[in-house]
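Inspection log for the structure reproduced underneath, given as structure tokens.
The values are calculated or read from the model by the stated rules, or taken from the named source; none is laboratory data. The structure presented is a predicted model; accordingly, all values stated were derived computationally and were not measured. Note that each Cβ is placed from the backbone with ideal geometry, even for glycine, and that neighbours are counted across all protein chains shown. Ligands, DNA and RNA are excluded from the accessible area calculation, which covers all protein heavy atoms including side chains. Shrake-Rupley method; radii C 1.70, N 1.55, O 1.52, S 1.80 Å.
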Amino acid sequence: MSVLVATDLDRTMIYSRKALGHGERVERPVTVEVHDGADSSFMTAAAARAFGALADSTVLVPVTTRVPEQYLRVGLPGRPPQFAVAANGGVLYVDGVADRGWAKSVATMLAGTVPLSEVWAHTAQVCSPQWTKKVRNADGLFCYAILYPHLVPAGFVDDMTGWAAERGWRTSLQGRKLYWVPELLTKSAAVAEIARRIEPELLVAAGDSLLDVDLLLAADRAIHPRHGELFEQGWSSPKVTCTRASGAAAGEEILTWFGAQLPSAPT
């Protein structure tokens, strides 16, 4: 049986130093990202070994909201992925090269939506410098604000979610980052394109945020960690498992769960 494994990266597979242990010390984590000369993202040693082994036995697809520049900083264990998805589905990599055909499909799909320029202008207007570090354009597809969460006014995120929904966009708060993303720009659409090309018999997936919901629900089987946006909002689905562990230990548990879905796994 051919298996396609699609997994979110940040706070699902890889973790910042702050998020790594959820208050518990993690001994000798494996660095998977270096940014501005400093180690910035990690996996536990056990997770790194399991990830590498899984990459050798399945079509393992990293699926991230990171823009290409941010995704390409990450060095995942195991062989380089045949496919990868960045920019929340806006960029599809095939053997390390961005697929031009997919880029054209995305541009066509988004042509009728409220443009980024309108959302960007509103975002820049409402995100006060008193509680916003910066607002960033994400590869011309969406935008996000890096916030000082303890200073953000009560109700602001809910207000932005309503404003975005009226225009066919959605929001997602992930740590300090608040994203505005077109409803039509999804991880699941890019993964469906990969599935169309390789025709797997089973699709399994993992993710921790509202931007992962479409991917989790599109998979045959899925899992999310006991932390992050989905867990904090009490999201659940009968077809999606929740880990028992949190922090980087949840990453290990997700990888063990992935392995248990393979046809060679003992029952």
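When Pro115 is tested against (1) modelled with pLDDT of 95 or more; (2) open to solvent by less than 50 Å² (accessible area, probe 1.4 Å), exactly one condition is not met: (2). All of Asp56, Asp39 fail the test of being more than 21 Å from Lys177 (Cβ to Cβ) and open to solvent by 10 Å² or more (accessible area, probe 1.4 Å), apart from Asp56.
The conditions of being among the polar types (S, T, N, Q), under 19 Å from the mean Cα position of the chain (by Cα) and open to solvent by 60 Å² or more (accessible area, probe 1.4 Å) are met by Gln233. Among residues of the stretch 209-242 being of a type outside the set (A, V, I, L, M) and part of a strand (DSSP E or B), the one that is nearest to Ser172 (Cα to Cα) is His224. The residues of the stretch 152-176 that are charged (D, E, K, R) and under 17 Å from Lys133 (Cβ atoms) amount to a single one, Arg176.
Per the conditions (1) touching a residue at least 24 places away in the same chain (Cβ under 8 Å); (2) of a type outside the set (A, V, I, L, M, F, W, C); (3) surrounded by fewer than 23 Cβ atoms within 10 Å (Cβ to Cβ), the sole criterion not satisfied by Gly251 is (3). In summary, strands (runs of 3 or more DSSP E) completely within the stretch 49-162 and bearing 2 or more residues that are over 23 Å from Arg197 (Cβ atoms) occur at 132-138, 142-147. The residues of the stretch 145-174 that are touching a residue at least 40 places away in the same chain (Cβ under 8 Å) and either touching a Leu at 6+ places or on another chain (Cβ under 8 Å) or not aromatic (Phe, Trp, Tyr) (or both), listed by number, are Ala164, Arg167, Gly168, Arg170, Ser172, Leu173, Gln174. Scan the stretch 1-36 residue by residue and report those that are open to solvent by less than 40 Å² (accessible area, probe 1.4 Å) and either of a type in the set (Lys, Arg) or in a helix (DSSP H, G or I) (or both). Of everything in the stretch 1-36, those that are open to solvent by less than 40 Å² (accessible area, probe 1.4 Å) and either of a type in the set (Lys, Arg) or in a helix (DSSP H, G or I) (or both) turn out to be Ala19, Leu20.
Checking each residue in the stretch 69-97 for being farther than 21 Å from Ile14 by Cβ and surrounded by 15 or more Cβ atoms within 10 Å (Cβ to Cβ) picks out only Val94.
Of all residues in the stretch 141-164, those that are at pLDDT 95 or above, within 21 Å of the chain's Cα centre (by Cα) and farther than 16 Å from Gln233 by Cα total 9. Of all the criteria given as (1) more than 15 Å from Gly89 (Cα to Cα); (2) of a type in the set (A, V, I, L, M); (3) open to solvent by less than 20 Å² (accessible area, probe 1.4 Å), the one not satisfied by Ala138 is (1). Kindly evaluate Val240 against the criterion of being within 27 Å of Ala45 (Cα to Cα) and either in contact with a Leu (Cβ under 7 Å, 6 or more places away or on another chain) or open to solvent by 50 Å² or more (accessible area, probe 1.4 Å) (or both). It is true that Val240 is within 27 Å of Ala45 (Cα to Cα) and either in contact with a Leu (Cβ under 7 Å, 6 or more places away or on another chain) or open to solvent by 50 Å² or more (accessible area, probe 1.4 Å) (or both).
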